[in-house]
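What follows is calculated from the coordinates using simple rules that are stated; it is not laboratory data. If you're wondering where the values come from, they're calculated on a predicted model, not measured in any experiment. FYI the Cβ positions are ideal-geometry reconstructions off the backbone, even for glycines, and counts take in every protein chain you see.
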Amino acid sequence: MPSGPVTQVIGRAAERVPGLRRVPLLRLIAVAEIALLTRDHVTALTAAERRRLIALMRAGRGRPSHLTKAERSELEVLVAKLAPRRLLGESVDALSPVPLPRRVLYGRNDRR
């Protein structure tokens with residue numbers, strides 16, 4: 001096994017974090033890549049929009065029926081701004097050894 005500085009740093013981190021030695025390195029890299037993609041999508045919202053999104057999620061407690069019609073429409077706008085389909089497509093594309101078709105990533109042409 002190589003004993004470069006990166007390997008040593010990973011080894012020291014694995015000693016300090018319980019259970020980290022049992023997780024394969026490629027899985028950790030995949031999780032980190034998805035976390036970076038998610039951060040890019042979440043930062044599309046302003047700080048005020050992120051706070052409002054969290055407030056609406058808490059108020060609804062996972063059920064849209066707990067929100068008023070105006071709050072539901074506001075939540076729809078905020079979630080649409082996050083582009084969840086594109087996030088899913090980019091995540092799958094980042095992990096897939098085969099390139100995905102653009103329609104899978106972005107939807108049909110009339111949806112753009």
For L95, L87, ascending order of other Cβ atoms within 10 Å (fewest first) is L95, L87
Between the residues L53, L37, V9, the Cα farthest towards the positive end of the dipole of the chain, that dipole coming from +1 and -1 charges on the beta-carbon of Lys, Arg, Asp and Glu, is from L53
Computed Rg/Rh for the chain (Cα atoms; Rh = Kirkwood radius) stands at 1.11
Going from the fewest other Cβ atoms within 10 Å to the most, one would list L67, L36 as L36, L67
The chain: relative contact order from alpha carbon pairs under 8 Å, six or more residues apart, as a whole percent, is 22
